[in-house]
Amino acid sequence: MPANILLVEDEPAIQELIAVNLEHAGHRVQRAHSAAEADAMIREVRPDLIVLDVMLPDINGKQVCHRVRADPSLEDVRIICISGMVEEDK
């Protein structure tokens, strides 16, 4: 069954790569480039899954995750956090 996915990624090339692969698998993908854009879209789109970049230009993706988890109406939304960080200590 196709999922309704909100992809939150600020790097256009990475966003395109992920979105194309998810769409190819049959899922519906909405795209946001920032946490502010994601916040506005989450309640409108009501995604089944949020694929969330940890490092966003406006606020940390972890803060977006906390906001979603604080809203009881979004308790069924699953979140996958992604990151391009390659530093061993992080």
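Can you tell me which condition Asp39 does not meet? The list is (1) in contact with a Lys or Arg (Cβ under 9 Å, 6 or more places away or on another chain); (2) surrounded by fewer than 16 Cβ atoms within 10 Å (Cβ to Cβ); (3) charged (D, E, K, R), and all the others hold.
The failed condition is (2).
Filter region 28-38 for residues that are under 10 Å from the mean Cα position of the chain (by Cα) and among the charged types (D, E, K, R) and give the result.
Arg31
Applying the selection to region 72-89, what residues are open to solvent by less than 30 Å² (accessible area, probe 1.4 Å) and in a loop (DSSP other than H, G, I, E, B)? Walk me through it before giving the result.
Residues of region 72-89 open to solvent by less than 30 Å² (accessible area, probe 1.4 Å): 74, 77.
Answer for region 72-89, where residues must be open to solvent by less than 30 Å² (accessible area, probe 1.4 Å) and in a loop (DSSP other than H, G, I, E, B): just Val77.
Please go through region 1-52 and give me each residue that is closer than 17 Å to Arg69 by Cα, in contact with a strand residue (DSSP E or B) (Cβ under 6 Å, 6 or more places away or on another chain) and without any contact (Cβ under 8 Å) to a residue 24 or more places away in the chain, ordered by number.
Of everything in region 1-52, nothing turns out to be closer than 17 Å to Arg69 by Cα, in contact with a strand residue (DSSP E or B) (Cβ under 6 Å, 6 or more places away or on another chain) and without any contact (Cβ under 8 Å) to a residue 24 or more places away in the chain.
Being modelled with pLDDT under 90 and under 19 Å from Ala3 (Cα atoms) is the filter here, so list the residues in region 45-81 that pass it.
Selection gives Val45 alone.
Would you mind stating whether Val68 is open to solvent by less than 40 Å² (accessible area, probe 1.4 Å), touching a residue at least 12 places away in the same chain (Cβ under 8 Å) and either aromatic (Phe, Trp, Tyr) or part of a helix (DSSP H, G or I) (or both)? Don't jump to the end; show me each part of the working.
Values: open to solvent by less than 40 Å² (accessible area, probe 1.4 Å): yes; touching a residue at least 12 places away in the same chain (Cβ under 8 Å): yes; either aromatic (Phe, Trp, Tyr) or part of a helix (DSSP H, G or I) (or both): yes.
It is true that Val68 is open to solvent by less than 40 Å² (accessible area, probe 1.4 Å), touching a residue at least 12 places away in the same chain (Cβ under 8 Å) and either aromatic (Phe, Trp, Tyr) or part of a helix (DSSP H, G or I) (or both).
Report, by residue number, each residue of region 7-29 that is surrounded by fewer than 18 Cβ atoms within 10 Å (Cβ to Cβ) and either touching a Lys or Arg at 6+ places or on another chain (Cβ under 7 Å) or basic (Lys, Arg) (or both).
Hit for region 7-29 is Arg28, nothing else.
The values are calculated or read from the model by the stated rules, or taken from the named source; none is laboratory data. Computed from a prediction, not measured in an experiment: that's the story for all the values here. All Cβ positions, glycine included, derive from the backbone under ideal geometry; neighbour counts span all protein chains shown. We work out accessible area using only protein heavy atoms, side chains counted, and drop any ligands, DNA or RNA first. Shrake-Rupley method; radii C 1.70, N 1.55, O 1.52, S 1.80 Å.
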